[in-house]
Amino acid sequence: MAKSTFSGPIQSLAGFISAGVNNSVSLTADTTLTVADHAGKILLCNDADGKFTLPSINISVPTDATDPSQANNIGASFYFVIETAATDLDILTDGTDKFEGAVMVAVDNGAKKAFVPAATNDVMTMNGSTKGGIAGSVVKVTAIDAVTYLVHDSLLIGSGTIVTPFADA
């Protein structure tokens, strides 16, 4: 089926199904993500030291709000699933955009802690231990305004004495 664009609210009385071979993308090397190729899909992280850069947030207002070619990407979400345990895996913004929200890091002894990024943080680094990133870890980020990606629905699995994965690039 071709790409469909709607300009008004969509209501489903029985839900939506996102399934099929094109619903996930395997990231096996450093990648600059795009809305067209990566937003709304399951991003399978299979590069232990990969650098995955989110697209710059674009808040431009098109002349025609129903134009399917508009560049505005507010609301675009990116869902990362760690399949290959991280050693130095980064999820980065463009440097101007920052993170807001929180991520939980948990270890198998029951220890857990939520980490909130500082106002200047533009990178999440996972190391497969204290900063999380063991296989099964998940991170979701959504563009919410001109310079902010909200981190939500996220759980990093780690080991040892857990520390924040957030930093300045």
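Coordinate-derived values only; no laboratory data. Computed from a predicted structure; not experimentally measured. With ideal geometry, Cβ positions are generated from the backbone for all residues, glycine too; neighbour counts draw on all protein chains shown.
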Check your understanding: Out of these labelled values of Rg/Rh (Cα atoms, Kirkwood Rh), [x] 0.99; [y] 0.95; [z] 1.17, which was calculated from the coordinates shown here?
Key -> [x]
Point to revise | trypsin sites (Lys or Arg not before Pro) within region 1-86, DSSP loop, no more than 12 other Cβ atoms inside 10 Å | key: Lys3
**Study point:** Average silhouette area of region 113-169, convex hull of alpha-carbon atoms, in square nanometres
**Key:** 4.0
Study note, to complete from the structure: Along region 28-39, Karplus-curve 3J(HN,Hα) (6.51, -1.76, 1.60; θ = phi - 60°) to the nearest Hz, with x for Gly and Pro, reads 10, 7, 3, 9, 8, 6, 10, 5, 4, 9, 10, 5
Practice item. Among Ala39, Ala119, Ala102, determine the one that fluctuates most according to a GNM of the chain built with springs between C-alpha atoms less than 10 Å apart. Key: Ala119
Practice item. Please report the relative contact order for the chain, taking Cα pairs under 8 Å with a sequence separation of at least 6, and give it as a percent rounded to a whole number. Key: 21
Review point. Using the Karplus equation 6.51 cos²θ - 1.76 cosθ + 1.60 (θ = phi - 60°), what ³J(HN,Hα) coupling, rounded to whole Hz, does each residue of region 156-169 give in order, writing x for Gly and Pro?
Key: 9, 9, x, 8, x, 7, 6, 9, 5, x, 7, 7, 9, 5
**Study point:** Per-residue ³J(HN,Hα) for region 113-124, Karplus 6.51 cos²θ - 1.76 cosθ + 1.60, θ = phi - 60°, Hz, x for Gly and Pro
**Key:** 7, 8, 10, 10, x, 6, 4, 9, 6, 10, 8, 10
Study note, to complete from the structure: Residues whose modelled amide H sits under 5 Å from the amide H of Lys51, counting only those 5 or more places away in sequence or on another chain, are Asp30, Thr31, Asp90
Review point. Highest GNM mean-square fluctuation, the chain, Cα pairs closer than 10 Å: which of Thr34, Thr148, Thr93?
Key: Thr34
Review point. Which whole-number percentage describes the relative contact order of region 107-163, with Cα contacts under 8 Å and a sequence gap of 6 or more?
Key: 41
**Study point:** Loop-located trypsin sites (Lys or Arg not before Pro) in region 74-160, at most 11 other Cβ atoms within 10 Å (DSSP)
**Key:** none
Exercise for review: Counting only chymotrypsin sites (Phe, Trp or Tyr not before Pro) that are in a DSSP loop and have at most 14 other C-beta atoms within 10 Å, tell me the longest site-free stretch of the chain.
Suggested key: 17-169
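Output the relative contact order of region 1-53, whole-number percent, from Cα pairs under 8 angstrom with separation of 6+ residues.
Here the relative contact order equals 36 percent.
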